[in-house]
Structures are given as C-alpha cells and as structure tokens.
1. For the chain, find the longest principal axis of its Cα atoms and tell me its angle to the long axis of helix 310-336, 0 to 90°, nearest 10.
2. Hey, how much of the P(r) for the range 95-222 falls beyond 20 Å, as a percent of Cα pairs?
3. Could you please state how large a percent of the accessible area of the range 204-336 is carbon and sulfur, counting protein chains only and using a 1.4 Å probe?
4. Just need log10 I(q)/I(0) for the chain at q = 0.09, 0.13, 0.14, 0.15 Å⁻¹, Debye formula, equal scatterers on the alpha-carbon atoms, no solvent, rounded to two decimals.
5. How much length is gained on full extension from L27 to I110, taking 0.36 nm per residue of separation minus their Cα-Cα distance?
6. Please determine, in degrees from 0 to 90 and to the nearest 10, the orientation of helix 2-31 with respect to the longest principal axis defined by the Cα atoms of the chain, where the helix direction is its Cα long axis.
7. Provide the gained length on full extension for the span S253 to S278, in nm with one decimal, where the gain is 0.36 nm per separating residue minus the Cα-Cα distance.
8. If you find the alpha carbon centre of the range 301-322 and of the range 3-61, how far apart are they in angstrom?
Amino acid sequence: MTFLLQFIIGIFVLGILVVIHESGHFLVAKACRISVLSFSIGFGKPIYKKKIGETEYRISSIPFGGYVHMKGEHPEDAQQQAEDSFMSKPVWQRASVAIAGPAANIISSIFFLWLVFVIGVPHDKYLDRPVVGGVVDSSAAYKAGILPGDSIIAINSLPVSTWEEIQSKLAYQEPEYNITYISKGITKNTVIKLNKKKGDDIFNNSPTGLMACFPARIGAVNADSPAEKTGLQKNDFILSINKIPIYSWFQVSDMVSRYQSLDGPINIIVRREDSTVSVSVEPSFDKEENRYLLGIQAAAPETRIIQYNATKSLFKALDKSLEYTTMIFDVLSKIFSAVISPKQLAGPVGIIQMSGAVALIS
C-alpha cells in the first residue's frame with residue numbers, strides 16, 4: 001500500500017513537471033506563430049482528449065512524460081513548408097522552442113524555491129548542530145572510529161557547521177571521505193571508506209552509518225507499559241542508559257532492541273524539568289513486534305520557521321538551484337569516471353516512487 005501510494009503521488013508530481021516542461025515548448029511555439037497540433041500529458045493511446053482551436057489536448061495512457069506536436073515538426077509531416085510550420089521558421093526560433101521546455105522547468109524550480117523561502121518552512125532545530133547522534137554497528141563510520149556525541153567540523157577539508165551540510169556532502173557517496181571531528185574535546189582526523197556492495201542503489205540509506213542527533217525526548221508513554229509502571233513521563237529527556245550517555249533517540253531504540261531477558265533491569269537517567277530522575281525498568285517482550293519494548297515513543301523535535309524577505313529569498317533560491325544543478329553534473333562526472341556506479345541512478349519508476357516518498361514526508 002505504501003509503494004502504491006508513493007507511486008500515485010509520484011505520478012501526480014511528475015505530471016506537474018511535464019505540464020510545466022511542455023507548456024514551455026507550447027508557449028514559445030505559439031509566440032513564434034507555429035501551429036501546435038497536439039499537447040499530450042503521457043505517451044501512447046489517449047484516454048481523454050479535447051480539441052480547443054487548432055490544438056488537441058490529451059491525457060495519454062503511459063504516464064512517463066509528454067509531448068507537444070507542432071505542424072511540420074517531423075519529416076513525415078505534411079505542410080512542412082507552410083508558413084505556420086516548425087521547419088519554416090528561422091533556426092533561432094526553432095532553437096528557442098527546443099530550449100523553452102528545460103528553461104520552463106528551471107524557472108519554475110527557482111520560483112517554487114523562492115516561494116518556499118518567502119512563505120517560510122518549519123525546520124528541525126537539531127539539524128543545526130553537526131553532532132553525531134548515533135553510529136550504525138559495522139558501518140563505515142563505526143570502523144572509522146566515530147562515536148555518538150562527536151562533532152564533525154570538516155569533510156574533505158571543507159568546514160561544516162550543520163547536519164544539513166553534512167548530509168549534502170555525504171550525498172555524493174564518494175569512495176572515501178576525510179573527516180575532521182571533535183571527540184571529548186580533542187580534534188581528530190579519520191577516513192570513512194565506503195565499500196559499495198553489488199546491488200547497492202539509490203534507495204539504500206547512506207552507507208556511512210552516521211545518524212543525526214534526533215532528540216531523545218519522550219513524546220508518549222504507553223498505558224500499562226514497563227515505562228509507565230516505573231514512572232517515566234512524557235517530555236522526559238533521556239540522558240543515559242546503563243551509564244552510557246545518550247545523544248539521540250536512535251541510541252535509545254538501538255539499545256532497547258538489543259536487550260535480552262538475562263540482562264535484567266536497565267537503568268535510565270532522565271532530565272525532568274530542572275531535575276534528574278533515575279529509574280530502573282525491565283523491557284517486556286512484545287510478540288507482535290517480536291522484540292523487547294519499553295513502551296515509549298519519541299517526541300516530535302522542536303522546529304523553527306525559516307523565512308526571508310522577497311529579495312533574499314530570490315538569492316537563496318538561486319543558490320539552492322545552483323547547488324542542485326552542480327550536484328547533478330558532479331554525480332554524472334563520477335559515473336563516467338567510474339567513481340560511483342550507474343546503479344545509483346533510478347529509472348522512471350524509481351523517480352516516480354522517490355517523488356511520491358518525498359511528497360509524503362513533506
């Protein structure tokens with residue numbers, strides 16, 4: 001059901017992009033007095049069509065793109081030399097029609113980013129800190145010696161000050177990264193080496209194994225659960241478990257999932273308002289989940305609104321557009337130079353699924 005919902009929403013998102021792209025071709029063609037015979041969203045046999053003026057508007061059966069068919073555009077078309085045909089127009093006009101589609105997508109992306117920055121969007125505060133919240137066992141970061149609570153200050157000699165910057169730099173999934181970080185007040189350097197396995201693709205989580213510092217704050221305590229019986233409360237901040245400092249909810253989940261009945265009760269220290277409270281709790285086995293649980297849920301992280309005036313929003317939108325565009329060409333160059341595998345790319349179905357997944361998260 002999740003995949004189906006992602007796919008349906010992804011089709012809708014892709015449809016919007018196709019409409020914008022093909023509208024670019026359509027509008028410039030009209031401006032150059034070129035007759036447009038059909039405007040289709042999708043390929044293949046039309047499932048709906050309506051003719052308005054000289055143009056037939058279609059929704060077609062294969063939802064992986066679209067097209068604008070102009071008079072005299074193809075060699076087999078009749079009336080190629082007609083005054084309103086594509087081939088009768090000067091080269092500069094034909095070129096303008098050709099680049100109008102990509103240009104429409106670029107302009108619209110800048111506009112939507114500008115709109116987002118003007119309206120303002122919620123931003124998770126914990127992403128403002130470059131603190132490692134957890135490290136997956138046996139991951140590249142674990143082997144490199146990075147621990148929860150360490151602060152990353154540079155990647156490949158480029159300074160980072162937020163977790164978003166860390167994510168952006170690690171998104172390239174290069175074979176290795178030189179990491180400068182602070183651990184217990186000491187500045188250290190290490191190398192994270194990514195050993196990509198056959199079959200790895202873009203849907204996999206970041207293979208570095210680094211987790212953000214998602215706050216270990218309790219958002220809810222289940223009724224009759226071990227947590228409720230031992231006095232854990234909503235809004236408690238978990239500071240340590242069995243004397244191990246806790247920096248993120250990931251650690252809490254990981255440590256509870258490793259619990260065995262022979263381990264006995266675990267000691268949890270929490271911050272409650274201006275005081276600390278220590279509780280001893282023994283997780284209970286849940287047959288449906290097939291694992292031990294405390295009966296607590298993570299609280300939603302604190303957020304702030306990122307918002308700029310119209311002028312600054314434009315510059316931010318241009319910066320982001322340039323960043324994303326540069327990332328695309330950087331990844332392509334790494335594929336051609338065999339630094340990363342072509343498996344990191346996704347086809348039409350993959351793109352649609354990812355678009356739907358991102359839309360659902362948003």
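1. 90
2. Details: 4577 of 8128 pairs.
Everything past 20 Å amounts to 56 percent.
3. 53
4. The Cα Debye sum returns log10 ratios of -0.72, -1.19, -1.30, -1.40.
5. Working: separation 83, 0.36 × 83 = 29.88 nm, distance 1.90 nm.
Here the segment from L27 to I110 would lengthen by 28.0 nm.
6. Result, in degrees: 30.
7. On the way: separation 25, 0.36 × 25 = 9.00 nm, distance 1.85 nm.
Net length gain for the segment: 7.1 nm.
8. Spelled out, the Cα-based centre of one part sits 31 Å from the other.
The values are calculated or read from the model by the stated rules, or taken from the named source; none is laboratory data. Predicted model only: the values in this text are computed from it and were never measured. No Cβ is skipped: glycine too gets one built from the backbone with ideal geometry, and neighbour counts run over all protein chains shown. Quick note on the areas: whole protein, heavy atoms, side chains included, nothing else; ligands and nucleic acids left out. Shrake-Rupley method; radii C 1.70, N 1.55, O 1.52, S 1.80 Å.
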